[in-house]
Amino acid sequence: MITRRITRAVATLSLILVVSSCSLRPEDLPSPRGGIGDGYELSVEFAGVMNLPSGADVIMDGVRVGEVRDLEVQDDGVAVRVGIRSDTKVPADIRAIVRQNTLLGDTYVALLRDPDGSDGEYLREGATVPVDRTTSPPQLEDTMAVLATFVNGGSIRRIEQVMGRVNAVMPDVAEIERLAGTVAVDLNDLGQRTVEIDRMLDGMNSSAAALNDNSESLVTIFDGSTVHYWRRLAVDVVSHIGQILPSVGSLYVGGYWLVPMFESLADTTDISRGGPSAAVDLSNFLRTTVIPFAQNPSVDIVSVESADGDQLVSDAENILRMLGAVK
């Protein structure tokens, strides 16, 4: 009798456990992470949330600010009820997206600020982020299909071929090292001359500022009303050049008489560069020939011959005596 009662009690208790376990969900189990305390709730509407579970994190600015508390399937999407920490202010123009850090990682709700959004307006308890400001994640099957197409479509093979071609046209390692060393030296030299570069840029800036300050004058100078002036100036310049060019040509043609003088100067320069022996010869020539002749100019006539070979010294002497040059 006692055995039957124990058996019935065990059966009843087992039935109660089985029935109660049917309503037990993973999110009902205690979590090792801390909760968010007494915060406030928001509703975020998505077109789809894939496998987003209850208890998933809510991340904003890289910090966990809340958690997913419940999901409600609607006719046009899914309403995700999230709890936000009381010390966190969510902007009124916030955007939401369901993300995964890895392909098979945990999903979470990311809240993204609008860079051009207004400041000072925040969501309050029970506010809703509409579906037009949320982004649903792609289906895992679609992601796997895209990855399979990428792998099986030959993209990796083509990347390998491109890398092979790049390696084929690249120079040797020693040449690359030499080139890198040269570039490093150039950059180091450039870094040490920043003062000169700054001075050049300052000069360019000053020139640009001067042009800007005189922009009205430049516009006046190059205006359409000054075209006749520039045309007349061009005609005058061309006419003057036309008058100068013939003179230059006549000077060039008539200047051939200067060629022997320039050649003598060139020979003199060569002699002066000839070394000590050329200098000694030049000194002897000046000392024994040029200077004595300059001090006592005279001509010693030894003989005078006619075209037939006859000596004409006596006749020349008589002529010179008649002229008073010879006594």
**OP:** Please give the FRET efficiency for Ala184 paired with Asn284, using the beta carbon to beta carbon distance and R0 = 56 Å, rounded to the nearest 0.05.
**Re:** 0.35
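Work out how much length Tyr122 to Ser86 would gain on full extension: take 0.36 nm times their residue separation and subtract the Cα-Cα distance, in nm to one decimal. Please report the intermediate quantities before stating the final value.
Working: separation 36, 0.36 × 36 = 12.96 nm, distance 1.25 nm.
Result: 11.7 nm gained on full extension.
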Original post:
For the residue pair Arg64 and Val166, what label-to-label distance in nm results when each label sits 7 Å from Cα along the Cα-to-beta-carbon direction?
Top reply: 4.0 nm
Original post:
How far apart, in nm, are the 7 Å Cα→Cβ label points at Ala210 and Asn318?
Top reply: 8.7 nm
Original post:
Given 0.36 nm per residue, what is the gain on full extension from Ser225 to Asp132 after removing their alpha carbon distance, in nm?
Top reply: 27.5 nm
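The numbers here are math on the coordinates, done by the rules we state, and not lab data. On a predicted model such as this, the values are computed, not experimentally measured, just so you know. For neighbour counting, all protein chains shown are included, and Cβ atoms are generated from backbone atoms with ideal geometry for every residue, glycine included.
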